[in-house]
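Single-structure report; data block below.
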Amino acid sequence: MTEAFERTVSDLRGIVGGGEVLTAQEDIIPYSFDGTAAMQAMPGCVVFARTSDQVAAVLKTANASKTPVVARGSGTGLSGGSLPVPNCIVLCLAKMNRILDVDPANLTILVEPGVTTLDAAEAASAAGLFYPPDPGSMKISTIAGNVAENSGGLRGLKYGITRNYVMGLEVILADGQMLWTGNKCVKDVAGYSLKDLFIGSEGTLGVITKVLLKLIPKPAAKKTMVATFARMDEAAQTVSDIIAAQIIPCTLEFLDRTTIRCVEDFAKVGLPLDCEALLLMETDGHAVAVADEAEQMEKLARKNGAMHIRIAKDDTEAARLATARRSAFSALARVAPTTILEDATVPRSELAKMIRFVAAVAEKYRLRIGTFGHMGDGNLHPTFLTDERNKDEMHRVEEAFKEIFDEAIRLGGTITGEHGVGIAKKSFLPKFAGDAQMRVMKELRRVLDPNGILNPGKIFD
Ligand SMILES: Cc1cc2nc3c(=O)[nH]c(=O)nc-3n(C[C@H](O)[C@H](O)[C@H](O)COP(=O)(O)OP(=O)(O)OC[C@H]3O[C@@H](n4cnc5c(N)ncnc54)[C@H](O)[C@@H]3O)c2cc1C
């Protein structure tokens, strides 16, 4: 540790208290990586803040000494967003985890940044309301992490993603200034919508310290079913037919053969193994509409050749069927030492083409890829089951990635539908975004963080 960094650490101890600053190697190792495979870097120290004022003081100190700061929630990110840079301060917000206000009159909830997605959803539910965004990581991911990544979830098709529920944010800027943007008003067009700038900014424009979220009424009823198909095209056609019938299910997820086998091995849901594709379909809303939509969805699945259809009889069975999808990543992660999960996304109409392309790439590069994802959103998760110690295989993985992202862009899609750019995808961003967008993004960043202390090296260099 340099003398200058030691002085900074001493200042940080003065702000948050000695027990909230970690510097010993064994203590900071858990903060040297996130959910992204094959990436690790040691921070200089880890600081836990408990109040917005402490966050402001930490940033003021860091800015004065030009020390990089990497904001961190639960570290479940899948693009290396909260990966430290050497000698940085990891500013962990997980201990700022209070639910500050539930307001049924305005249908809002105000939370601190470290509240988990599940805790926010349960607080809403206790008030008879509904917070729909449900990333697969919701038991541990934090609300600020969701906002910083603009996370999606299984209900994105019908209910939208995190951005659609953020009504206001308290943000601490790089120089320690506190800013509040947004409010409880349903309509507000006064000035630029700065909150939208911070959503998805991956910790590079400011540190989020409070989040005001929109809530909606709870759907009265829900039906869950699983259908399996001998061919992926049949599943894709079922999805197209459901949308064409003007049914917007709250969940429309798929698993491919590799993923189905891994899930069954792991979660023992009782899935049939003689199929190439599985669709998890859920519809919610008024009980009469739900019954009608479920019947239509079942008919469409049968018309397209569904081999087995299982309709949940009650909530317990529904949760069990949903486990098939919710446990997909964990199930795949057991199979190989390194699991690299991607989120190439294409317009829905191109989904079947993209799934076939991923399978062809797997064959070309002799790789094992399990694919699952949000079929209704066109959001695929091709998951590479590999071993980072095998240099030759890792090289083939990189080449396969390039082809998959190029194809996604060619089909009118994007390099990331929900996991963010971070480090993992920054080399692909210029091609996707183009010169003008890259320039504006970099200029915005320079205005808000002239010393470049906030999460440097993420999204772009
Ligand atoms: C099993 C599994 C399933 C997942 N499923 C989904 C899914 O369905 N949909 C989806 O979108 N993602 C999913 N993810 C990815 C991940 O959970 C999300 O990106 C999540 O929002 C990250 O939250 P976090 O608290 O872990 O943030 P972290 O990983 O700690 O941080 C993520 C980013 O947010 C920034 N950040 C964190 N806190 C703040 C703050 N207070 N202010 C400013 N910036 C901040 C960090 O600097 C970093 O850039 C999954 C991950 C796993 C491991």
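The values are calculated or read from the model by the stated rules, or taken from the named source; none is laboratory data. Please read these numbers as outputs of a predicted model, since none were measured by experiment. Glycine gets a Cβ as well: all are built from the backbone with ideal geometry, and neighbour counts include every protein chain shown.
Descriptive notes on the structure:
- Restricting segment 47-84 to residues that are β-branched (Val, Ile, Thr) and in contact with a strand residue (DSSP E or B) (Cβ under 7 Å, 6 or more places away or on another chain), the residue that is farthest from Lys139 (Cα to Cα): Thr67
- Matching option when the condition is surrounded by 14 or more Cβ atoms within 10 Å (Cβ to Cβ), closer than 30 Å to Val335 by Cβ and at pLDDT below 95, among Ala301, Ala312: Ala312
- The residues listed here are Lys139, Lys95, Lys60, Lys66; of these, the one that is surrounded by fewer than 22 Cβ atoms within 10 Å (Cβ to Cβ) and touching a helix residue (DSSP H, G or I) at 6+ places or on another chain (Cβ under 6 Å) is Lys139.
- Here the condition is being within 12 Å of the ligand (Cβ to nearest atom) and not hydroxyl-bearing (Ser, Thr, Tyr); of Ile99, Ile109, Ile143, it holds for Ile143 alone.
- Among (1) within 16 Å of the ligand (Cβ to nearest atom); (2) without any contact (Cβ under 8 Å) to a residue 60 or more places away in the chain; (3) within 30 Å of Pro217 (Cβ to Cβ), the one test that Arg320 misses: (1)
- Flag for Phe432 being under 22 Å from Thr345 (Cβ atoms), touching an Asp or Glu at 6+ places or on another chain (Cβ under 8 Å), of a type outside the set (A, V, I, L, M) and assigned to a helix (DSSP H, G or I): no
- Filter result (in contact (Cβ under 8 Å) with a residue 12 or more places away in the chain, surrounded by fewer than 20 Cβ atoms within 10 Å (Cβ to Cβ) and more than 17 Å from Asn164 (Cα to Cα)) within segment 107-122: Leu118, Asp119
- Note on segment 353-406: residues that are out of contact with any helix residue (DSSP H, G or I) (no Cβ under 7 Å at 6 or more places or on another chain) and of a type in the set (Asp, Glu) amount to 6.
- Here Ser74 does not qualify as more than 24 Å from Gly17 (Cβ to Cβ), within 22 Å of the chain's Cα centre (by Cα) and either away from the ligand (no atom under 14 Å from the Cβ) or of a type in the set (Gly, Ala, Ser) (or both).
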